[in-house]
Structure formats: C-alpha cells, structure tokens
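Working notes, beginning with the structure itself.
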Amino acid sequence: MHGDAPAGRRADRAQDDRILSTVCRALGEDVTIRRIAAAVSVLLDEPGDFPELSEAEREHITDSLFADEFRRQAHPNLRRIESHLYPLRELFAATDQEQGRHELGKPGLTCLVYENAAYNVREELLKELVLQGLVQRLASPEPFVGPLVVAGADDLSHRHIERLTDLCVRRGVRLVLMFRHLRDSAVRAVGADVVAFMRLSNHEEAARAADFIGRQHTFVLSQLTRTLGGSQTHSQGDSLGFSDQTSGALWQKRVSVGRSWTHTRTVADSTNWNESQGEQRVYEYVVEPRTLQDLPDYALIEVTQGTGRLSVRSVECNPDIVSLPRVTTGPLPDLPLPDPAQAAAYLSGEPGTPLRNLPGQPRPDYDDDESEWAEEHYPEGWR
C-alpha cells in the first residue's frame with residue numbers, strides 16, 4: 001500500500017501496520033485475503049453477512065479489537081486498507097483448504113506467471129504482494145531452493161529489489177533479475193555480480209550501458225605521414241675561342257693562329273621517400289553505444305566485475321541451437337575404449353613394424369639407449 005510513498009508518511013504506515021496485525025491475530029491460524037477483507041469491512045460497519053467469518057469472530061472484531069474513538073479516528077486508514085484489499089478478494093478465492101497452499105522453495109521448478117492484460121491497481125498490487133511474499137519466504141528459516149528468476153522487474157520498486165537482493169546473497173540463492181529497459185530501478189539495481197546486455201535500441205539506454213561497462217586506455221594510430229620527393233638538374237655549356245697574331249720585321253714575318261672549343265654537360269637526379277606513423281593513448285569505451293544498439297536478436301554481451309579485472313564476452317543465446325542436428329541437452333554416453341591390438345600405428349601399410357610396442361609385447365633391453373632398437377625397427381627413411 002505504501003510502496004511508492006515517501007518516508008514522511010511513516011505515521012500512516014505504522015497505524016496501518018497496527019490495524020492489520022491486530023486483525024490477523026484475531027483471525028487465528030486461518031488468515032486469508034478474503035477473511036482479512038471481511039474483518040476490515042466489519043470494522044467499517046459495512047452491510048453484509050460476510051460468510052468468511054463466524055458469528056463469534058464478527059462479535060469479537062466489532063466489540064473487542066478497537067475502541068469506538070480509535071475506529072472513528074482511524075476511519076481513513078480502514079478505508080484505505082479496505083480499498084486495497086477489495087480488488088484481491090476474488091483473485092485469491094481459489095486458495096481454499098482442499099487445494100492446499102503452494103509453498104515456494106520446494107524442489108523442482110516453480111513458475112509464477114503474471115499476465116499483463118491491462119495495467120490497473122489490482123495488477124500493481126498483485127506484483128507487490130508476490131514480491132513481498134518472496135521477501136518474507138527468503139527471510140524465514142525454512143530452506144529455499146534456488147535459483148530465483150524475476151522476469152519483467154521494471155515496475156518493481158527499488159527498495160523491494162534491494163531487499164530481495166540482500167536476502168538472496170545472505171541465503172546463498174542465485175538471483176536473476178531481467179529488465180526490459182535500462183532505466184529507473186534497473187539503473188540502480190545493475191552492477192552486482194554478472195550483468196548481461198541484449199540489444200538496446202534507445203540511444204540513452206545504450207549510453208548508460210556503455211558507461212557501466214566502462215572505458216579503458218588503448219593506443220591507436222593517430223597520424224600517418226608519407227612523403228615522396230625528387231629533383232633533377234640538367235646543365236649544358238659550349239664555348240669557342242679563336243686568336244690570330246702576326247709579328248715581325250719587313251724581312252721577317254711570324255704568324256700564330258690558336259683555336260679552342262669547350263663543351264660541358266651536367267646531369268643530377270635524386271629521389272627521397274619518407275614514411276612515418278604516430279600512436280596516441282586514448283581513453284575510450286570498451287563497448288561503444290552503437291555496438292549495443294546493433295546487437296543481433298539472440299546475442300548478448302556479458303560483463304563480469306569484481307574479480308580484479310573486467311571481463312567482457314559476447315554470447316549467442318539463440319534457442320534454436322538445440323534443434324540443430326547432432327545437438328543434445330543430455331550428457332554424452334561413455335564410449336568404451338578400443339582394443340589395444342587395434343591401436344597400433346604402422347609406419348607402412350604392412351603389419352609387423354609398429355611405431356611403438358603394443359601392450360603385452362615387452363620391449364627388449366638394449367644397453368645403447370634406443371639406437372639399436374630404432375635401427376632394428378625403423379626403416380632407413382624414418383631414422
């Protein structure tokens with residue numbers, strides 16, 4: 001009744017607890033939802049016969065439980081309790097004595113299925129009652145056989161999930177909580193032991209999951225430089241020289257003639273190549289949010305923490321795997337060992353030259369280690 005109420009309403013909770021505790025004690029050993037609702041209706045002076053209660057019980061509830069002044073002041077509490085119990089009266093009508101009460105925690109598989117036909121107050125109360133029943137069952141000293149799987153835990157309050165988790169850890173019961181979306185109570189509950197994420201189409205939920213998985217330092221290629229250069233030089237020159245000289249007296253004449261040619265050519269060719277790369281240390285997501293958004297239908301990412309290091313694995317959970325040929329969920333049979341005589345390995349296709357002695361065939365004793373035995377049993381090409 002006070003699952004989503006703030007802590008400031010503790011007085012109302014305490015008064016409701018007193019009323020319900022007193023009514024349950026008055027009902028004795030036979031305490032059911034229908035009998036509690038009938039007793040509260042009697043306290044409210046509702047008209048009706050209330051066949052769930054005997055005449056003595058109705059008189060005791062009316063005259064002996066509470067004083068008239070207390071009932072007058074507690075009328076809003078009684079009305080609130082009756083309003084919460086009324087939708088559950090017909091729901092628990094089948095829990096009769098001849099059918100027996102189903103006890104959680106017995107060996108075997110127990111399934112409590114909640115069919116969400118329409119979201120209303122009764123369905124919300126039923127969820128809270130089932131979870132509260134699990135909490136009280138785990139808190140009792142009776143043995144509880146796990147594991148305990150809660151599918152569709154999105155609508156459960158965080159304080160109930162936290163209490164259930166603490167009790168399962170204390171009792172050593174394996175608890176599996178399955179959420180459809182990563183928000184509200186799921187964000188606060190995630191983080192214990194092993195967490196698995198399936199496809200998260202919403203970008204905000206994928207970002208929350210990536211933040212939970214964390215980041216790590218890696219070295220990535222940040223820069224790649226390639227340089228190619230070259231140069232060519234060509235030079236060419238030609239020079240031509242000519243001189244003519246005449247000297248002497250009238251009776252003597254000297255003639256001198258000189259010529260010179262020069263041709264110069266220079267060629268230079270050079271090529272250079274340079275390649276370099278640089279790495280940079282970055283702090284990035286271990287699993288990017290885009291990866292969580294693009295997961296296949298039957299794939300999940302398993303994250304394990306608390307072991308000193310982070311372990312991230314991808315898991316295939318396609319239920320159609322069991323329908324594949326030669327796949328079984330049972331243990332494989334123990335095959336008998338073959339006869340030792342059939343386990344001999346021959347070097348050639350002809351029997352008589354075994355690679356090792358068969359069981360029951362003692363190897364001869366050789367003083368020279370295995371050289372003599374190898375020369376006798378191994379062909380030339382196998383030594």
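The values are calculated or read from the model by the stated rules, or taken from the named source; none is laboratory data. If you're wondering where the values come from, they're calculated on a predicted model, not measured in any experiment. Here the Cβ positions follow ideal geometry from the backbone for every residue, glycine too, while neighbour counts run over all protein chains shown. To get the accessible areas, we keep the full protein, side chains included, count just its heavy atoms, and leave off ligands, DNA and RNA. Shrake-Rupley method; radii C 1.70, N 1.55, O 1.52, S 1.80 Å.
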Q.
Looking for something within 30 Å of HIS158 (Cα to Cα), part of a helix (DSSP H, G or I) and among the aliphatic types (A, V, I, L, M) - is there at least one such residue anywhere in the stretch 63-83?
A. yes
Q | Subset of the stretch 268-293 that is under 12 Å from ALA206 (Cα atoms) and hydrophobic (A, V, I, L, M, F, W, C) - its residue that is surrounded by the fewest Cβ atoms within 10 Å (Cβ to Cβ) | A | VAL287
Q: For the stretch 181-209, enumerate the residues that are in a loop (DSSP other than H, G, I, E, B), closer than 22 Å to VAL312 by Cα and out of contact with any strand residue (DSSP E or B) (no Cβ under 9 Å at 6 or more places or on another chain).
A: HIS181, ARG183, GLY191, LEU200, SER201, ASN202
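Results for (1) modelled with pLDDT of 75 or more; (2) surrounded by 13 or more Cβ atoms within 10 Å (Cβ to Cβ); (3) of a type in the set (A, V, I, L, M), shown as yes or no for each residue.
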residue	(1), (2), (3)
LEU88	yes, yes, yes
VAL121	no, no, yes
LYS127	yes, yes, no
HIS158	yes, yes, no
ARG183	yes, yes, no
ARG188	yes, no, no
Q | Set THR307, THR291: member being modelled with pLDDT under 70 and closer than 30 Å to ARG215 by Cβ | A | THR307
Q.
Need pairs with beta-carbon distance below 8 Å; first residue under 18 Å from ARG159 (Cα atoms) and at pLDDT below 90 and within the stretch 5-29, second open to solvent by less than 40 Å² (accessible area, probe 1.4 Å) and among the hydrophobic types (A, V, I, L, M, F, W, C); sequence gap 6+ or separate chains.
A. ARG13/ALA5
